[in-house]
Amino acid sequence: VAIAGGGEFSLALRGDGVDRDVVVGLYLDRSPAMVVAALAILKAGGAYVPLDPIHPVERLAFMLRDSSAGIVVSNARLIRGFPSGAWRVVALDGNAETIAAQSDAPVQAGVGPDDLAYIIYTSGSTGQPKGVELVHAGLSNLVCWHRRAFQVTPADRASAQSTLGFDAAVWEMWSHLSCGASLHLAEESIRNDATALRDWIVSRRITICFAATVMAERLLRLDWPAETALRFL
């Protein structure tokens, strides 16, 4: 899936050995930096493993060992207390000069349909978490179907409410960015508050929105301004 942006960091990752099917841990809060870092990993040819900062360190360490991730992308604040192991942590804010010094030329990853794009881990509620490997063919199929089914255009303004470790985040991010739509990340404080989320959607003029079933039911029960042009996924 070719999307512009993140080229300098992609080249920095290449210098660290990230290439086709190399797994990189992504340990960042929901933020623009998280989106850019995930994109940079894909553009370098690697595959990202979302690591949610709210998860226990034991789970994070297991996921890194199980996925054979050799690098973790994070920031200086989050890596305090991060589990040690056979992986190296790259802090975005601690390597800003190195990243900025890279060329902004397009990165040619050379990935194919069967190359790994990302790994999502199950909750582990019934035992040990299990990693599900997703390849570029599946991601491309999802993106193309979504763009066609929901008629997404560059004029759309899409919300992003899911944590990166939830597979819906893939749907929210790449399906919209790949066609030039803008992506708006809902603040953590409003993600579980239906009224606050509605007000945020209206104020940001969001036109396309994914909401989990429970939240969607709450949102649909609220009053909405008549001029709201919103499509729920």
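Quick note: the coordinates plus some simple rules give every number you see, no bench work behind them. Keep in mind it's a predicted model, so treat the numbers as computed, not measured. Quick reminder, even Gly has a Cβ in these numbers, built from the backbone with ideal geometry, and neighbours come from all protein chains shown.
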Amide H within-cut-off set for VAL135, under 5 Å, with H built and near neighbours excluded: ALA117
Share, in percent, of DSSP beta bridges within the chain that are antiparallel, nearest 5: 20
J(HN,Hα) series, region 20-28, from Karplus relation 6.51 cos²θ - 1.76 cosθ + 1.60, nearest Hz, glycine and proline x: 4, 6, 7, 8, 10, x, 10, 10, 9
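Taking R0 as 41 Å, what FRET efficiency do you get between LEU134 and ALA226 from their Cβ-Cβ distance, rounded to the nearest 0.05?
It comes out at approximately 0.55.
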Value of relative contact order over the chain, rounded to a whole percent, pairs C-alpha under 8 Å and six or more apart: 17
Helix-only mean residue ellipticity at 222 nm for the chain, each DSSP H run of n ≥ 4 adding -39500 (n - 2.57), per residue, nearest 500: -10000 deg cm²/dmol
Linear extension gain, VAL57 paired with ILE79, 0.36 nm per residue minus alpha-carbon span: 6.8 nm
